[in-house]
Amino acid sequence: MSAKERILQALQSDTPPAEPWQSRVETFAPDDLLTSFTTAWEGAGGEVLWLGEASKEAIALALGATTKKVVDTRHEKIDEIAPEGLWAIVEGVFGVAENGAVWIEPKERYPRALLTLAEHVVVVLEKRRLVPTMAQAYRKVDFSTLSYGLFLAGPSKTADIEQSLVIGAHGALKCTAVLV
Amino acid sequence: MSGAHNHARAAEAFTADSKRAHWHDKALWFVRQKRDKAVASVPEWEALRAEAEALKAHTRAHLGYYLRLFEERAKANGIEVYWAEDAEAHNQIVHRLLQEHGARRVVKSKSMLTEECGLNPYLQARGIEVVDTDLGERIVQLASQHPSHIVLPAIHLKKEDVARIFAKHLGTAPENHDPAYLTRAAREHLRQKFLEADAAITGVNFALAEEGAVTVCTNEGNADLGTALPNLHIACMGLEKVVPSAEALGVLTRLLARSATGQAITTYTSHFRRPKPGGRLCVVIVDNGRSGLLKEEFAQATACLRCGACMNTCPVYRRSGGHSYGYVVPGPIGSVLASARDTARYGSLAFACTLCASCDTVCPAKIDLHELLLKSRRRVIEQKPFHAKRTGLRMAAFVLRRPRLYRFLTALWRRLEGVVPKRWLYHPKNAWGRERQMPKIAQTPFRARYAKRRRA
């Protein structure tokens, strides 16, 4: 008998449930999804930028960068990670009002590493694409096509030294949500 | 009590430095307060906790089914699944996978399971460099220590300690203990390790059966960066980490970070459903005593989300430090797990508890921690090393059941109290008297005074 079978035999809980498990918690939506989202995003150390039009040029201009160091994954296909100091514009599929998290899926358009190696991650999010809580968020993710995806809530951070918050642990030093 | 761990004895070094112990206490209470603030912003908080409890009970009842489903779906997604009955098997599997891959340098993100299995020393003994990439874990790794907290591994160290450790290993300025400076130095040092790594090892916060995917939560992004570069990702999980589906995360991710650090969510909540192009994603499912635990009265302890809230609130943990528990998971949940695993060895942990039940009220999965600790005590008291305590209580019961004997003995003590030398009274055998002063006996007993008042 394999290790697997021995473990499962010890567990003795092979019967499937009568019906799939479903959460029955009633969720309370924040009064104003947009305000709740931006408050949470900024609270997590991220910046918010309001733009009417989110072209690469407009974003670079607003952030005071040259377009050279900015890579726009919405339109450019990236196979290799460029040198240090790179800024990356990525598409945010939808946002979560209660905690400022944004669902991001690199798909085949850019390498997974871009999201952590880029010095500055710029997430473009349509402000009408907000859900109240994680309960609605997980029902929105399409797992059937997913390879790797994440909820990102601001720049990477740590408080491992005496509980002092430091922005920029391993991932992005800066994180901006561009709301359009 | 040879071989047995003694919590009170182990805490002595920590409590001897009362200034530091006080600081530790305050630092953790601060985290507890942040948790309270985050919790207050969610009106349905208590309903969420109840749902998490029900969800975990449901999963336990069908655990075998969900594990099979997880394996089937994960394999269909191109994930390799391995099963390990114990720590040794786990370490062997991980080592074999690394060997197949020719990996010499490994980056690891936080995983209490690999700590439990002693994976680092196992791999290091076989010539593989393992670098813990969580900042707190890297600090304790460089200091040749173990994490003292499951979420805040270096909470027992002050920034001056970190400055000393980094000065020695990373060449930072020894007198500069600014957390931002030290964090930046660690970032540079670890960035190099990330770029050189041949393989990445991560823990697993949740394994989604329906979707055949694993979820890893971090604030630093170390799991995402670590797994994004090399072509081999090994994810190690205890078998209790499986949940029915992503639907469950709609409950659990709302509870986890708020309970842990008071954040609304961790910065990175990442889902791995397929290996990256050209890479391998291997999941190792570990039992290591869990199936046994599930059959016992401690089954509920497997509902733990590893948020650490019970530690932050525990008056004993805050004042004794995580290392005093001598087990991979400290605090209330650690005491339950350790004493269930090896009662003879970890029995004293069941008594490192005031039964205040503060842990019960903060636990996001509503584990009845203080009830479980009481059960542990009952079990412990049956064990030999604790017979002395039991005998003492029996003697007390014997006397208290016999009023005349009690009167005689108290009268005797009234005469002897002033005569018995202190060194007899506070003899090392009298554990009770080590931190306490014996109360003075009243010269007139209560009974006599009561009788006098009634007469008056």
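All of the numbers you see were taken from the coordinates with simple rules; none came from a lab. Owing to the predicted nature of the structure, the values given are computational and were not obtained by experimental measurement. Methodologically, a virtual Cβ is constructed for each residue, glycine included, from the backbone with ideal geometry; neighbour enumeration extends over all protein chains shown.
Residue A:53 to residue B:357: FRET efficiency via 1/(1 + (r/R0)^6), r the Cβ-Cβ distance, R0 60 Å, to the nearest 0.05? Calculated value: 0.60.
Taking the DSSP bridge list for the protein assembly as shown and keeping only pairs wholly inside it, about 30 percent are antiparallel.
May I ask for the distance between the Cα centers of the range B:1-56 and the range B:312-348, given as a whole number of Å? With the range B:1-56 and the range B:312-348 each reduced to a Cα centre, they are spaced 11 Å. In a simple Cβ point-charge model (Lys, Arg +1; Asp, Glu -1; nothing else charged), chain B has a dipole of about 3780 debye relative to its Cα centre. Projected onto planes of every orientation and averaged, the convex hull of the alpha-carbon atoms in the range B:1-69 covers 9.2 nm². With each label point set 7 Å from Cα along the Cα-Cβ vector, what nm distance links residue B:145 and residue B:393? A separation of 3.5 nm, rounded to one decimal place.
Where both bridge residues fall in chain A, DSSP classifies roughly 30% of the beta bridges as antiparallel. Considering helices alone, the calculated mean residue ellipticity of the protein assembly as shown at 222 nm is -13000 deg cm²/dmol, with DSSP H runs of length four and up weighted by -39500 (n - 2.57) and normalised per residue.
Loop-located GluC sites (Glu not before Pro) in the range B:228-319 (DSSP state not H, G, I, E or B) with no more than 15 neighbouring Cβ atoms inside 10 Å: B:296, B:297. Extension gain, residue B:407 to residue B:15, is 137.2 nm, computed as 0.36 nm per intervening residue step minus the present C-alpha separation. Excluding same-chain neighbours fewer than eight residues apart, the lysines reachable from residue B:19 by a Cα-Cα span under 25 Å are B:34, B:158, B:159. Computed over the Cα atoms of the range B:175-253, pair by distinct pair, the Kirkwood hydrodynamic radius stands at 14.5 angstrom. In plain terms, the chain from residue A:173 to residue A:24 could stretch by 49.8 nm, reckoned as 0.36 nm per residue minus the Cα-Cα distance. Taking the DSSP bridge list for the range B:11-291 and keeping only pairs wholly inside it, about 25 percent are antiparallel.
Under a Gaussian network description of chain A, with springs only between Cα atoms under 10 Å, the residue in A:32, A:14, A:142 that fluctuates furthest is A:14.
Less than 5 angstrom separates the built amide H of residue B:81 from those of B:283, all sequence-distant by 5 or more or on a different chain.
If you take the Cα centroid of the range B:69-117 and the Cα centroid of the range B:137-161, the two points sit 25 Å apart.
Kindly state, to the nearest 0.05, the FRET efficiency for residue A:139 paired with residue B:416, given R0 = 45 Å and r defined as their beta-carbon distance.
According to the calculation, E is roughly 0.05.
Note on the range A:33-179: Kirkwood hydrodynamic radius from all Cα pairs is 15.5 Å, rounded to one decimal. Dimensions of the range B:223-284 based on its C-alpha atoms, expressed as ranges along the principal axes with the largest first, amount to 36, 24, 19 Å. Over all pairs of different C-alpha atoms, the range B:131-186 has a mean inverse distance whose reciprocal, the Kirkwood radius, equals 11.0 Å. A convex hull fitted around the alpha carbon atoms of chain B yields 190 Å³ per residue.
Considering the range B:70-201 at the alpha-carbon level, its Rg and Dmax are found to be 16.6, 55 Å.
The fraction of Cα-Cα pairs per 10 angstrom bin, counted from 0 for the range B:302-386, comes to 20, 56, 23, 1 percent, rounded to whole percents.
Isolated cysteines of chain B, defined as having no other cysteine beta carbon under 4.7 Å away, are B:117, B:217, B:236, B:282, B:304, B:307, B:314, B:353, B:356, B:363. Among the trypsin sites (Lys or Arg not before Pro) found in the range A:1-61, those both in a DSSP coil and sparsely packed, with 10 or fewer other Cβ atoms within 10 Å of their Cβ, are A:24.
For the range A:22-105, GluC sites (Glu not before Pro) are listed when DSSP marks them as loop and at most 16 other Cβ atoms sit within 10 Å of their Cβ; the list is A:26, A:53, A:76, A:80, A:84. Close amide-amide hydrogen proximity is noted between residue A:123 and A:90, A:176, A:177, A:178, each under 5 Å apart and 5 or more residues distant or on a separate chain (H modeled in the peptide plane; Pro and chain starts excluded).
The alpha carbon gyration tensor of the range B:121-162 gives principal lengths a ≥ b ≥ c with a/c of 1.5 or higher and a/b greater than b/c, which makes the shape prolate.
Between A:145, A:67, A:39, the Gaussian network model of chain A with springs among Cα atoms under 10 angstrom shows the greatest mean-square fluctuation at A:145.
Of all lysines in the structure, those lying under 16 Å Cα to Cα from residue A:107, and not within fewer than 8 positions of it along the same chain, are A:77, B:276. Computed over the protein assembly as shown, the percent of Cα pairs more than 42 Å apart is 28.
The distance separating the Cα centre of the range A:47-69 from that of the range B:250-294 comes to 34 Å. Here the average projected area of the convex hull drawn through the C-alpha atoms of the range B:402-455 stands at 4.9 nm².
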